[in-house]
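Q: The structure under discussion is supplied below as structure tokens; questions concerning it will follow.
Please treat every number below as a calculation from the coordinates, not as lab data. The structure presented is a predicted model; accordingly, all values stated were derived computationally and were not measured. Every residue, glycine as well, gets a Cβ built from its backbone with ideal geometry; the counts of neighbours run over all protein chains shown.
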Amino acid sequence: MLFKTEKFERQVSLQKKVLDSILSYCQMKHPNEGILILKGKSKRGHVLIEGLVIPPFNYSGPSYAGFPHSFLPFDMSYVGIVHSHPSGSANPSVTDLHNFFGLVSLIVQSPYGDDDIFAWDSNGDSIKLAII
Ligand SMILES: [Zn+2]
């Protein structure tokens, strides 16, 4: 069998002002999880995150956060979601991978510092994250 795959160097770039908004939102939501939609654009495996949307009807507790995808308008600028893990590790949970949305999932771990944010793909593999 022959597989033809194009190999992209995947990278996520996150604007510093967006990072600051994410971190303060997660701090505000603590000890519950916070969840936000990432807006931006993607080109050949490179995702640029330029803004945030608070998902309508979002819900959260200490170990879960989500929103009904059916209420979302169809919008090509939605590139993924970010949510927080108040209890430590930024590794994606099985539930996170089941609820994967878009191209990239950012997870922020407590205490929500500049170095506490990580990018993942739908397989739970790490993607390089650059703050710009
Ligand atoms: Zn999670």
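Q: Given the Cα-Cα distance of residue 57 and residue 97 and 0.36 nm per residue of separation, how much length would full extension add, in nm?
A: Working: separation 40, 0.36 × 40 = 14.40 nm, distance 2.05 nm.
My answer for the length gained is 12.3 nm.
Q: With r as the distance between the Cβ atoms of residue 72 and residue 24 and R0 = 25 Å, compute the FRET efficiency 1/(1 + (r/R0)^6) and round to 0.05. List each step's numbers first, then the result.
A: Numbers: r = 23 Å, r/R0 = 0.94.
Result of the calculation: an efficiency of 0.60.
Q: Could you grab the relative contact order for the chain? Cα pairs under 8 Å, six or more apart, rounded to a whole percent.
A: 27 percent
Q: If we count chymotrypsin sites (Phe, Trp or Tyr not before Pro) as exposed when they sit in a DSSP loop and have at most 11 other beta carbons within 10 Å, what is the longest stretch of the chain that avoids them all?
A: On the way: sites that count: 3, 8, 57, 74.
Longest stretch, sites excluded: 75-132.
Q: Based on alpha-carbon atoms only, what is the radius of gyration of region 11-131 relative to the globular estimate 2.2 N^0.38 Å?
A: 0.94
Q: Averaged over every viewing direction, what's the projected area of the C-alpha convex hull for region 21-85? Give it in nm², one decimal, please.
A: Result: a mean projected hull area of 4.6 nm².
Q: Please order 50, 33, 9 by the number of other Cβ within 10 Å, starting at the fewest. Let's see the in-between values first.
A: On the way: 50 15, 33 23, 9 8.
With the fewest neighbours first, 50, 33, 9 line up as 9, 50, 33.
Q: Could you pull out every residue, at least 5 positions away or on a different chain, whose amide H is within less than 5 Å of the one on residue 11? Hs are placed 1.01 Å off N in the peptide plane, and Pro or chain starts have none.
A: 46, 47
Q: Can you say what percent of the DSSP beta bridges in the chain, counting only those with both residues inside, are antiparallel? Round to 5.
A: Among the beta bridges of the chain, antiparallel pairing accounts for roughly 60 percent.
Q: For the chain, what is the number of Lys pairs with C-alpha distance below 29 angstrom, counting only pairs 8 or more positions apart or on separate chains?
A: Eligible lysine pairs with Cα atoms under 29 Å apart amount to 24.
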